[in-house]
Ligand SMILES: Cc1cc2nc3c(=O)[nH]c(=O)nc-3n(C[C@H](O)[C@H](O)[C@H](O)COP(=O)(O)OP(=O)(O)OC[C@H]3O[C@@H](n4cnc5c(N)ncnc54)[C@H](O)[C@@H]3O)c2cc1C
Ligand code: FES
């Protein structure tokens, strides 16, 4: 009787092992898509190994679609038009796509898997985005949670970008984080320095990339990034400018101001910087230098949560009421906003509804 039970257990185990083996083999066979072709803009064909995302298949061939969230399906930056072979729209894509975009075959390239031949359409500017190799040259503590990091490009490389654009940094495994991550950071240095860039990076508690930058990254380390990305850049005209930023959102504004100092401008410019307390203020000396240099530039720091120790002679509360002093003609004013999605939404609403600035003249990069 006992030996019969053991025989049955043995038989069941053997069947279990055989089934598991069949499943592993089937999975390998099913996910082996072989070589497939990506046709781009009806002009060129790339042969890639099937089974990976469209985003990473293109990146392997040095074509970098913006992917600010690192492929997590949350930023919508990686949208592109799939003309053929993309398969049905996935549930993970729908939150980022409007009905019109879905009808127009717009897809999230980080979610679409390349399983068979596929045809896509992407803007020509994408081909200017490149991978850069750099060495960390300097790390500055701007505040207790904000660092300025300078990346010197490898000999022979130079980067052409517009003031306000961003790059995507690739982290290396560190501590318990075993995988690399990709995150977007605005360039804070001027385009005229094309053999090095500075980024301003604020620590996000538990954040993969910012913890790496703040705790593991050292001068002399080698780091790769791709870029430049984005359409948040200074428009060349003579309209008055309202800059509005919070936290590390000052990065692209610093780049724009440094660029304007290089090329010269007589535009009226006002920069509203929102911070919680005086501990969160930084770049004050640089802003005072800009005030002295430009014909008409004013820096206005505003504290949202001033402590008792903070000097309360300055401006406090919400940023929006103070815009009144800066806007002399809404029709001839453009605004550049950078920071958290909440701040951008509130400021945009106020600029349109309270101050009459046209939506088309409000440019922003949301760090969400
Ligand atoms: C176009 C663009 C430009 C950007 N430029 C800059 C820049 O110049 N400087 C800069 O510091 N950041 C910038 N960011 C934000 C940056 O890309 C990262 O999202 C941020 O640094 C957090 O990355 P992480 O890997 O440390 O955190 P993650 O590991 O991605 O996130 C950890 C947790 O924190 C939450 N979280 C993510 N981001 C934030 C945030 N900003 N505040 C609070 N909680 C958050 C997440 O929801 C998650 O729960 C930019 C983002 C975009 C889209
Ligand atoms: S990379 Fe962010 S949604 Fe695709």
For this session: Scan segment 209-227 residue by residue and report those that are surrounded by fewer than 16 Cβ atoms within 10 Å (Cβ to Cβ) and over 28 Å from residue 125 (Cβ atoms).
Result: 215, 216, 218, 219, 220, 221
For this session: Output yes when any residue across segment 59-69 is over 30 Å from residue 366 (Cα atoms) and either more than 16 Å from ligand 1 (Cβ to nearest atom) or at pLDDT 75 or above (or both), and no when none is.
Result: no
Exercise. Can you pull out the residues in segment 129-152 that are surrounded by fewer than 18 Cβ atoms within 10 Å (Cβ to Cβ), part of a strand (DSSP E or B) and in contact (Cβ under 8 Å) with a residue 60 or more places away in the chain?
Worked result: 130, 131, 133, 135, 136, 137, 138, 139
Exercise. When residue 155 is evaluated against the numbered criteria (1) within 16 Å of ligand 1 (Cβ to nearest atom); (2) exposed (fewer than 13 other Cβ atoms within 10 Å of the Cβ); (3) part of a loop (DSSP other than H, G, I, E, B), which criterion, by number, is the only one it fails?
Worked result: (1)
Exercise. Name the residues in segment 71-105 that are away from ligand 1 (no atom under 16 Å from the Cβ) and assigned to a helix (DSSP H, G or I), would you?
Worked result: 94, 99, 100, 101, 102, 103
Exercise. Among the strands (runs of 3 or more DSSP E) contained in segment 252-355, which hold 3 or more residues that are surrounded by fewer than 21 Cβ atoms within 10 Å (Cβ to Cβ) and modelled with pLDDT of 95 or more?
Worked result: 297-303
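The rows are residues; the columns are (1) more than 15 Å from ligand 2 (Cβ to nearest atom); (2) in the same structural domain as residue 205 (by TED's automatic domain parsing); (3) under 28 Å from residue 208 (Cβ atoms).
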| site | (1), (2), (3) |
| --- | --- |
| 67 | no, no, yes |
| 84 | yes, no, no |
| 109 | no, no, yes |
| 120 | no, no, no |
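To keep it simple, each residue is scored yes or no on (1) farther than 28 Å from residue 43 by Cα; (2) away from ligand 2 (no atom under 16 Å from the Cβ); (3) in contact with a helix residue (DSSP H, G or I) (Cβ under 8 Å, 6 or more places away or on another chain).
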{"site": "112", "(1), (2), (3)": "no, no, yes"}
{"site": "129", "(1), (2), (3)": "no, no, no"}
{"site": "133", "(1), (2), (3)": "yes, yes, no"}
{"site": "159", "(1), (2), (3)": "no, yes, no"}
{"site": "186", "(1), (2), (3)": "yes, yes, yes"}
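The values are calculated or read from the model by the stated rules, or taken from the named source; none is laboratory data. Because the structure is predicted, anything quoted here is derived from the model rather than measured. Cβ coordinates were reconstructed from backbone atoms using ideal geometry, including for glycine residues, and neighbour counts include every protein chain displayed.
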